[in-house]
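J.: Once you've had a glance at the structure underneath, I'll fire off some questions.
Any read-out appearing in this document is the output of simple, stated calculations on the displayed coordinates, not a laboratory observation. It should be emphasised that the depicted structure is a prediction, and the values quoted were computed from it without experimental measurement. With ideal geometry, Cβ positions are generated from the backbone for all residues, glycine too; neighbour counts draw on all protein chains shown.
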């Protein structure tokens with residue numbers, strides 16, 4: 001539903017999006033934020049991250065994403081052996097999965113969040129085309145309360161290193177006018193740019209800003225605080241109206257590097 005099922009078409013679509021990114025300087029980051037809508041809508045914004053990632057640097061990619069279709073009171077990691085896309089199979093990193101699950105009641109192996117959910121799989125062809133072969137940790141949050149966010153932050157801190165890329169999968173505000181969306185999304189941009197995870201969480205809770213994967217952004221910023229290495233930079237923002245021409249009801253997208 002979000003990209004072509006044919007390998008050659010998908011690869012060509014991604015390469016065309018990558019070619020539209022003007023700044024091709026290598027992005028030296030291990031924590032990034034990218035949108036997860038259909039490629040025709042959010043693909044260019046996502047490409048501002050993925051097209052600039054170094055080739056063959058990352059041995060593992062952790063994708064932390066929200067569940068759109070199922071509600072459950074934990075974060076789920078796919079219990080199978082791999083994810084598959086038209087560009088090939090991606091094996092799961094069982095060692096990092098065991099480390100993240102050790103001693104945790106809130107991070108579990110489960111099918112929930114890995115069926116019709118798109119928030120992880122939209123990231124994967126971009127990553128396959130951009131960085132080459134890697135292993136995967138797909139973590140889908142069934143809810144985004146503070147207890148779960150804090151647990152994920154601690155577990156991320158335990159597995160993050162220079163050969164591990166953390167991808168936070170999220171869109172921004174949904175179904176506001178373009179004018180209102182700009183105001184709402186500029187707030188979340190401000191919180192992220194300031195690395196202010198507390199203000200971001202409060203803004204999400206109060207409705208001052210919106211992001212379907214907002215809890216994952218908070219968790220990533222909290223994990224970077226533990227390492228004292230948060231240096232956020234907003235790289236690109238857009239909304240669906242830029243493609244559709246409909247300014248009355250848009251979805252916001254952001255690409256950011258967090259360190």
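J.: With the condition being in contact with a strand residue (DSSP E or B) (Cβ under 9 Å, 6 or more places away or on another chain) and either under 20 Å from residue 50 (Cβ atoms) or free of Cβ contacts under 8 Å to residues at least 24 places away in the same chain (or both), I'd like the strands (runs of 3 or more DSSP E) fully within the stretch 134-217 carrying at least 3 qualifying residues.
T.: Those strands (runs of 3 or more DSSP E) span 135-141, 164-169.
J.: Okay, next question. Can you tell me which condition residue 147 does not meet? The list is (1) in contact with a helix residue (DSSP H, G or I) (Cβ under 8 Å, 6 or more places away or on another chain); (2) within 22 Å of residue 200 (Cβ to Cβ); (3) loosely packed, with under 14 Cβ neighbours inside 10 Å, and all the others hold.
T.: With respect to (1) in contact with a helix residue (DSSP H, G or I) (Cβ under 8 Å, 6 or more places away or on another chain); (2) within 22 Å of residue 200 (Cβ to Cβ); (3) loosely packed, with under 14 Cβ neighbours inside 10 Å, residue 147 is out only on (1).
J.: Residues in the stretch 151-160: is at least one exposed (fewer than 15 other Cβ atoms within 10 Å of the Cβ) and more than 18 Å from residue 220 (Cα to Cα)?
T.: The answer is no; no qualifying residue exists.
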